[in-house]
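Data first, discussion second: the structure below is written as structure tokens.
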Amino acid sequence: MGQLIAHSADHPSATDQTTGEASDLDFRPPTMEEGAAMWRIARDSGTLDLNTSYAYLIMARDFAASSRVAIVAGEPVGFVLGYLRPTAPERLFVWQIAVDESQRGRRIAARLLDALLADLPQVTTLETTITADNAASQRLFASFAERHGASHHVGPLLTEAHFPDPGHGAELLHEISELRRGT
């Protein structure tokens, strides 16, 4: 993973300010100190693979430019963690996205993705992996592709045999391409 653009959490971007919808929300790059809250949100989601808290702290520090948190009353209530692929910096891989249960139903996950894309003008393709049984994530990314007039292709990437731990389902690659076409 390589951070290939300059964007500091100390210097908000244009999309860091809320836009009409739920004016109590702010979207911005995470700080390392918010990594613990991101870990808690992931843990409490009940659907994400929970990684060590260390991973969330380091991702927030090293990949803030390609990640976002949603803030309500000064506290993180959602996040999207991503990175620009080192061999293809026009491709954003979304590693995880989650919203605190108390904030669900406010389109925060969709708005996190939109805010992130708006701040990464070089991104023409978004990638993520989703298990076949995660209908909510499938809807989120299909809706994102439709909203952005992009093509959406789903295919195999990681089979169950790839994982050393038993019981991990296959991860299908969702590739949303042709972003920003005509804009």
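What number comes out for accessible area per residue over the chain if the probe is 1.4 Å? Units Å², please.
On a per-residue basis, 50 Å².
Ranked by the mean number of other Cβ atoms within 10 Å per residue, highest first, peptides 172-179, 159-166, 24-31 order as 24-31, 172-179, 159-166.
Across the accessible surface of region 65-169, with the other protein chains kept in place and a 1.4 Å probe, carbon and sulfur atoms take up 55 percent. Figure note: 56, 83 ranked by solvent-accessible area, largest first, 1.4 Å probe, ligands and nucleic acids not counted: 83, 56.
In this Cβ point-charge picture (+1 for Lys and Arg, -1 for Asp and Glu), the chain has a dipole of about 320 debye about its Cα centre.
Show log10 I(q)/I(0) for region 110-154 at q = 0.30 Å⁻¹, two decimals, from a solvent-free Debye sum over equal Cα scatterers. Per q value, in the given order, log10 I(q)/I(0) is -1.31.
The values are calculated or read from the model by the stated rules, or taken from the named source; none is laboratory data. From a predicted model like this one, the values you see are computed outputs, not experimental measurements. All Cβ positions, even for glycine, are placed from backbone atoms using ideal geometry, and neighbour counts span all protein chains on display. Each accessible area value is taken on the protein alone, full model and side chains, heavy atoms only, with ligands, DNA and RNA left out. Shrake-Rupley method; radii C 1.70, N 1.55, O 1.52, S 1.80 Å.
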